[in-house]
Amino acid sequence: MNRLLLTASVALLGLYPTLAAAQGANASAPQPVNYTAITIFMLFVLATLGITYWAAKRSKTASDFYTAGGGISGFQNGLAVAGDYMSAATLLGITSLVYMRGYDGFLYAVAFFMGWPVLLFLMAERLRNLGRFTFADIVSYRLDPKAMRIMAACGGLIVVFFYLIVQMVGAGELIQLLFGLEYNYAVVTVGVLMTVYVAFGGMIATTWVQIIKASLLLFGGTLLAVLTFAQFGFDFGKLTAAAVAVHKDGAAIMGPSVLLRDPIQAISFALGACFGLLGLPHILMRFFTVPDAAESRKSAVYASGFIGYFFLLICILGLGGIAIVSTNPQYFVGGNVGGAMIGGNNMVALHLAQATGGNLMLGFLSAVAFATILAVVSGLALAGAAAVSHDLYANVICRGKATEASEVRVTKIATVVIGIIAIGLGILFKGQNLAFLVALAFGIAASSNFPVLILSMYWRGLTTRGALAGGITGLVSAVTLVILSPAVWVKVLGFPQAIFPYDNPALFSMSAAFLMAFIVSKTDKSVRAKAENAAYEDQYVRAQTGFGRAAASNH
Amino acid sequence: MSDPINVRIARDPRFQAIASRRNRLAWTLFAITMVLYFGLILTATLAPAVLGQPLTPGGTTSIGWPIGAVVIIVPWLLTIFYINRANADSRAMARVVEEVTK
């Protein structure tokens, strides 16, 4: 541990010389050194490393590692799970979308909120009652454990890695911009800290990192929204009037414009954004950290509240950005209002912080954005490590006979490996346009993980063959359609015309997965299929009551 | 195959009543959420002008903003309604399980 801590602090201390170098050599590093940002961020890192040290002493068993021993309260978990979802990309990306497209950005926020109530209504209780460490526990409850775990672990890992790449590249660029720390150092810093949190502190540390960060983010977002809104006398009408008056599209930003122009695209996007959430492994995993179904429900209610509130705030930030930032030459390259924004359009929220609260607010929000990235990648790394060690190692390779100590050891090794891969991919994908990876992560989550999970929970007739056919169909079709979509076929591969015209595959790939799972299960007349149908009753009683969970979780 | 205790719980009419009541509640609230959500999405794509019209004559704020806020806030209120009901049902169900298994 000491060595890793040392590496982390070296990487962090390395900040100062590189800062100076970046300033001297590279005039395009746009932000001046912000000591508030660096101080607050250092405090965050010190506090979270302290928590990791404390958590490391309490993380002995596999249950401690994966689920914090099931001892997280509904409120704490609500904050943590909301934190997992509210990444820096959410704060910066949605603010910038509202800034550029007005109401379209708001529709985007609504769509990415919608999975939360659905998660409560359809899944929160059953997740807690049926699962133990990973969502693969649930899909393999009455189906063939080996085949189902391999598929669920692969679906989970793919989503985790796509998400991680996006976060790492975003982290590198953002930190370079905000702190002047060179891209590769930034990626290494994030990767090393993430590995330390997860490998030593497991879910206990990861949860507390996430809780602190979510509180900071909610506080920072609220403060910024209040400062912004205050300039318009807390009158939404004045804010929209000011935004419409200066935006190049004028009153058109008050209604839907391009995002959902095509109905098929709109429906496909809406399905993916909503149901993708229900297949994100790092989100699902959090529902195993609470003691019972009642706390699980409570966490979903809190998380929905925090996220809904935060997304509503973001709209004020976006509109405020139009009214305040878009007219100020200080925030544009060469002072050219309407030209390129310093640091790119994703910087609107940060420029707004500077405009409304000065360098102190900018520093605070920058530090929060950095902390956010760290917390989100940690949650992802833990979910990935759990898929490797609990699903693939303990239950597939060792057929459930692995000792707890060896499972925990494999988790730690897997975390370090994931950390190294994440750093490597972050450096490899530097400067790439990765928007498609988000579509891909949500597309796969909605088309492969979600259909198999929900059918295994609710449909007696699902068989192993059906689940495999559905899951693989969803995975393959989502990947294929994204490759053929404009985001990859045209923007990455450079072909003139996309074969699949929509950016989001969910309408097609998710339907295909459900249809395939249904047809194959229905035509599966094997002996095993009959046994799987018969075992639904046991599963149903436990899904409803949680009865037998403690006893059953030991096999 | 099935655990005999689970069979007894599953066949208990009180368990069945509570379970089906809660399932019905969950699916109903899910359906309301989806109607609101796809109502907004389909309006945005098929009749965008509806959402773009001003809230008050001569004002700039469009009706789309409060409608979007409603589509976030109402499902959230439904989640609160749901846990109140589900918690009561869970307690009732725990009593049934306790009786059946003792």
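Derivation of every value follows stated rules applied to the coordinates shown; laboratory data play no part. Quantities reported herein were computed from a predicted structural model and do not represent experimental measurements. Using ideal geometry, Cβ is built from the backbone for each residue, glycine included, and neighbour counts are taken over all protein chains shown.
Things to note:
- Region A:468-508: C-alpha gyration tensor shape, a/c 1.5 cut-off, then a/b vs b/c: prolate
- Here's the picture: charge each Lys and Arg Cβ at +1 and each Asp and Glu Cβ at -1 in chain A, and of A:185, A:49, A:73 the one pushed furthest to the positive end of that dipole is A:73.
- Residue by residue, region A:314-326 carries 3J(HN,Hα) couplings of 4, 5, 5, 4, x, 5, x, x, 4, 5, 9, 7, 5 Hz when phi is fed to the Karplus relation 6.51 cos²θ - 1.76 cosθ + 1.60 (θ = phi - 60°); x denotes Gly or Pro.
- Pairs of Cα atoms farther than 23 Å apart, region A:125-277, %: 67
- Partner shielding of A:527-534 amounts to 1, given as the average count of beta-carbon atoms from other chains within 10 Å of each residue beta-carbon.
- Prolate/oblate/rounded call for region A:416-530, Cα gyration tensor, a/c under 1.5 rounded: oblate
- Among A:408, A:82, A:477 - extreme Cα towards positive end, dipole of the protein assembly as shown, charges at beta-carbon: A:408
- In the frame of its principal axes, the protein assembly as shown has Cα extents of 76, 64, 49 Å, reported largest first.
- Counted charge near residue A:119, where neighbours are those whose Cβ lies closer than 15 Å (Asp, Glu -1; Lys, Arg +1): +2
- Sequence-distant lysines (8 or more away, or on other chains) whose Cα lies within less than 22 Å of residue A:430: A:491
- For residues of A:223-234, the mean tally of beta carbons on other chains within 10 Å: 0
- Residue-averaged beta-carbon neighbours from other chains (10 angstrom radius) around A:269-279: 2
- Taking amide H atoms as placed 1.01 Å from N in the peptide plane, the amide H of residue A:332 lies under 5 Å from those of A:342, each 5 or more residues away in sequence or on another chain.
- Taking θ as phi - 60° and the Karplus parameters 6.51, -1.76 and 1.60, the scalar couplings of region A:244-260 work out to 4, 4, 10, 6, 5, 8, x, 5, 4, 6, 7, x, x, 10, 9, 3, 10 Hz in sequence order, x denoting glycine and proline.
- Distant-in-sequence amide H partners of residue B:62 (H built 1.01 Å from N, under 5 Å): B:55
- Its Cα centre serving as origin, chain B has a Cβ charge dipole (Lys and Arg +1, Asp and Glu -1) of approximately 360 debye.
- Convex hull volume per residue for chain B, taking Cα atoms only, in Å³: 111
- In this rough spin-label picture, where each label sits 7 Å from Cα along the Cβ direction, the residue A:433-residue A:345 distance is 1.2 nm.
- Segment residue A:60-residue A:75, extension gain: residue separation times 0.36 nm, minus the distance between their alpha carbons: 3.0 nm
- Taking only Cα atoms of region A:32-116, radius of gyration then Dmax in Å: 17.9, 50
- Charge dipole of chain A about the Cα centre (unit charges at C-beta), most positive-ward option of A:366, A:440, A:91: A:440
- Cross-link partners for residue A:401 among the aspartates and glutamates, with Cα-Cα distance under 13 Å and sequence neighbours closer than 8 places in the same chain left out: A:391.
- Computed Rg/Rh of region A:283-441, alpha carbon atoms with Kirkwood Rh: 1.09
- Counted by Cβ distance under 14 Å from residue A:406, the other residues give a net charge of +3, where Lys and Arg count +1 and Asp and Glu count -1.
- For chain A, calculated [θ]222 nm from helices alone, where every DSSP H run of n ≥ 4 adds -39500 (n - 2.57): -22500 deg cm²/dmol
- Computed [θ] at 222 nm, deg cm²/dmol, chain B (DSSP H ≥ 4; -39,500 (n - 2.57); rounded to nearest 500): -29000 deg cm²/dmol
- Sites listed here are trypsin sites (Lys or Arg not before Pro) in region B:2-56 whose DSSP assignment is loop and whose Cβ has at most 15 other Cβ atoms within 10 Å, and the list is empty.
- Spatially proximal lysines relative to residue A:57 (Cα-Cα < 16 Å; intrachain offsets below 8 disregarded): A:412
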